[in-house]
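The values are calculated or read from the model by the stated rules, or taken from the named source; none is laboratory data. The model shown is predicted, which means the values in this text are computed figures rather than measured ones. Neighbour counts are summed over all protein chains in view; Cβ atoms, including those assigned to glycine, are modelled from backbone coordinates with ideal geometry. The protein model used for the area step is the full one, side chains on, heavy atoms only, and it has no ligands, DNA or RNA in it. Shrake-Rupley method; radii C 1.70, N 1.55, O 1.52, S 1.80 Å.
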Amino acid sequence: MRPEQMVKCQIMAPKTVYSQTIDTLYKLGLYHITPHVKDDLDIGSPLADAEDLSAMLVKIGSVLSAFDPVEPKKLPVLTNKSLTAAQKGVRKLYDDFIGAKLAMETHEKDVADAKERKQWLSALKTFGLDIPTLIKSEKLTYMFGTVSKVKDIQQIIGSANDISFQTTTNNSTTYILAVTSTEHKAFLHETVSKLGFNEIALDSVTKAVKDELASLSSRITKANDSMQKHHKKWNIIQKELPTLVGLQEVVHEEVRKQELPLNFAVTESTFVANGWVPAKKTEIIKNALVDATGNKIHIEYTKADKKDFVPVKLKNNVLTKPFEFLLNLYSIPSYKEFDPTTLLFLTFPFFFGFMLGDFGYGLVLFLAFWYMKKKFPSTKDAAKILMFAALISMIFGGVYGEVFGFEHVSVETGKAWCANYGVCLPEHTLISHGVETTVADFPRLFNRVHSHMNVFGFEVLTVLVVGAIIGFIHINFGLFLGFLNELRSHGFKHAFEAKLSWIIIEIGVIMAVLSMIGMLVVSQWVGWIIALIGVVILGKGEGIQGIVEIPALASQMLSYMRLGAVGLASVGLAVVVNENLALPFIDRGGIFVAVGLLIMFIGHFINILLGVIGPFLHGIRLHYVEFFSKFFTGGGVPYEPFEKKQKTNLRGAK
Amino acid sequence: MAEAGLIAIGAGLALGLSALAAGWAESSIGAAAVGAMAENEKLFGKGLILTVIPETLVIFGLVIAILIIGLAG
């Protein structure tokens, strides 16, 4: 119930054993470092290679970003020699990469240009004109290009007497060449501009169109050839990728090690590291460090004092571990607090099951989350929690006697089950809208839709009352835990004033209410006075903030009625799907049975989805808002020892 | 029968109005929570809790509706 015990660990050693110390800490993976804040002592600087290695990482990253992700190749541990070789290799690979990339880009552009030119040149060829002469002509002016308003050509240019023109369509693009005498140049411009004209300059056409086309074709072939050469280079780089990814991981870890001294305090020739280690592991760490540095190291362990921000390592067993997921959504506890994971394990699935409470839904959800756990390992903690919750839902399905919203089957079916499977259900007479029907009932502890109980003369649904009672117990348990937490951190006086005062108020109010309805013989004023004393104590402990919170106590307990209400909403929907939507179809027989079954499938599918979201959110909310506010503050620093990163995602977005 | 009709209307109003109120309250909280989450994904848990706090209104509405229907017998 408490986080793992930690001790402060200070390491002092000469700088000559820097790398041995860092390597050992890295291998142990136990040391949570507190970064040094500059005071009399300076902050350490990264080891010599860090800068080169970082530059190498950038190069690797930029190469990798041009390719699809690949699985890394496993590489041996880097030695100084292999590191130098790797650096050289990466530099060469990077240069090749940049060279090939630029060349390919240039060629791609060249080829694209040439192809475009080829297209309009072939269009020009169909006109059969001597283009170089036309360009040089002083008497004639021309315009060549594409037009988008093809339908309007005849109407607009055809009617202009001074302009002669030709058009051709190539690959669904229409080209036009319009010629007129030089004095009509402005008129020509104006006319073609009405056609959505896009000019193509012909200045570059110096030879006959046929010859131009021939030289262009050889240019494209040549460009394609050289492109292939670069493609080969590109493929060679691609083959190196797994090694490169492997190298990236190794180098990244190496950089992390080399930059570790940024967290140390240093003098001219020694360094001091401050951090935290689990109290159980002190001997192992000490021995390993002393061995690695040849006893040139001083290690000092001290206990945590009140002002320290001790990192928190939660200590939970196999069963309760997944529930840390729910705690992490909120906040992890501080070092001195209870770790409420075990409490979440005890009550969250219970609340979920209490709300969902349907054997059929529970079974479906159990299988669904089991599949999710298999298929998506990253969600395994959440899946485990929900599987557990689904299991409890099945149990509560038994308590309420509900399977997919059905509470009973017809007498005939009941008899058939009894004869065929030996499952005999008790018969029960229902009166609904004045009509009596006999059905074979599922066994149950109580029916949550119909079972009422008498509260102070009112008929109230049993599930709502049970919910409120659970709330009363849960909240008071929270107050008790809060008392223990305060006792530990602020002493008995404050704990009593801030937490037990709530319970005194509750006792007072309960006594007063009981006297009012005549269940207690003392005057109701005794109760009110006790409650008032509680309020005064609370005011002393928590100030005006506490007093403002008093009405919230009642509303928070009533808030637990949702345990019943959410379930009732879910049953309501299931009953509507079964009895009001599907059964009328099924009763008509024939093809309508299929329609009825489809309605049931869709209806229950939606209801199951709601049945996960509703109970999950409400269940977790009751913990976060109503329960945790009584004892839990959170805000702990997670214990993150310096160790090998499990999964580094170093690739930049492509 | 007229009495039963009034009871049904009362229950409907209790649930409907409280749901409307909860939706109204949650709309601005939800928008702020999503905004905060866009800045820091770790706030998902806190955002979720803050968003569902007004949900209590609907629950109370539902409980009252059920109690009112209970009165009808």
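List of remarks:
- In degrees, nearest ten, helix A:18-28 long axis to first principal axis of chain A (Cα): 60 degrees
- Legend: translational diffusion of segment A:499-562 by Stokes-Einstein, Rh = Kirkwood radius over C-alpha pairs, 37 °C, 0.692 mPa s; D = 270 µm²/s.
- Under 5 Å from the amide H of A:THR174 lie the amide H atoms of A:VAL147, each residue being 5 or more positions distant or on a separate chain, with H modelled from the backbone and absent for Pro and chain starts.
- Principal-axis tilt of helix A:241-258 within chain A, Cα atoms, nearest 10 degrees: 60 degrees
- Once C-alpha pairs closer than 8 Å and six or more residues apart are averaged by separation and normalised to the residue number of segment A:109-223, the relative contact order reads 38 percent.
- Segment A:109-223 gives an Rg/Rh value of 0.99, both radii derived from C-alpha positions and Rh following Kirkwood.
- Gyration tensor over alpha-carbon atoms, segment A:289-402, equivalent ellipsoid semi-axes in Å: 42, 18, 9
- For segment A:87-93, Karplus couplings with θ = phi - 60° (6.51, -1.76, 1.60), whole Hz, Gly/Pro x: 4, 5, x, 5, 4, 5, 4
- A:PHE264 long-range amide H proximity, modeled H, under 5 Å: A:HIS36, A:GLY44
- Checking the Cα-Cα distances for A:LYS315/A:LYS380; A:LYS303/A:LYS644; A:LYS384/A:LYS630; A:LYS38/A:LYS286; A:LYS59/A:LYS81 against a 24 Å cut-off, the pairs over it are A:LYS303/A:LYS644; A:LYS384/A:LYS630; A:LYS38/A:LYS286.
- Within segment A:146-236: Cβ-based charge dipole about Cα centre, in debye rounded to nearest 20 (Lys, Arg +1; Asp, Glu -1): 680 debye
- Furthest towards positive pole of dipole, A:LEU25, A:VAL536, A:GLY422, structure part chain A, Cβ charges: A:LEU25
- Calculated from backbone phi, Karplus (6.51, -1.76, 1.60) coupling profile of segment A:286-298 in Hz, x at Gly/Pro: 4, 4, 4, 5, 5, 4, 5, 9, x, 6, 9, 9, 10
- Average accessible surface area per residue within the protein assembly as shown, 1.4 Å rolling probe, Å²: 55 Å²
- In units of the rule-of-thumb radius 2.2 N^0.38 Å, the protein assembly as shown shows an alpha carbon radius of gyration of 1.47.
- Across peptide A:327-334, the mean count of Cβ atoms from other chains lying within 10 Å of each residue's own Cβ comes to 2.
- Cα shape, segment A:393-440, gyration tensor, a/c 1.5 rule: oblate
- Based on C-alpha pairs under 8 angstrom that are at least 6 apart in sequence, chain A has a relative contact order of 20 percent.
- Rounded to the nearest 20 debye, the dipole magnitude of chain A is 1740 debye, with +1 charges on Lys and Arg beta carbons, -1 on Asp and Glu beta carbons, and the Cα centre as origin.
- When the other protein chains are added to the chain by itself, burial of at least 10 square angstrom of heavy-atom accessible area (probe 1.4 Å, ligands and nucleic acids ignored) affects these residues of segment A:568-582: A:LEU568, A:ALA569.
- Note on A:LEU129/A:ILE236: beta-carbon distance plugged into 1/(1 + (r/R0)^6) with R0 of 41 Å gives a FRET efficiency of 0.25.
- Here the label points at A:ALA554 and A:THR267, each 7 Å from Cα along the C-beta direction, are separated by 6.8 nm in the simple model.
- Helix A:411-421 axis versus longest C-alpha principal axis of chain A: approximately 90°, rounded to the nearest ten.
- Kirkwood Rh, Cα atoms: Rg over Rh of segment A:1-124: 1.25
- Checking Cβ-Cβ separations below 4.7 Å across the protein assembly as shown identifies A:CYS9 as cysteines lacking any candidate disulfide partner.
- For the pair B and A, total buried accessible area rounded to nearest 100 Å², probe 1.4 Å: 1500 Å²
- Note on segment A:453-559: Cα Rg divided by 2.2 N^0.38 Å, N the number of residues, gives 1.17.
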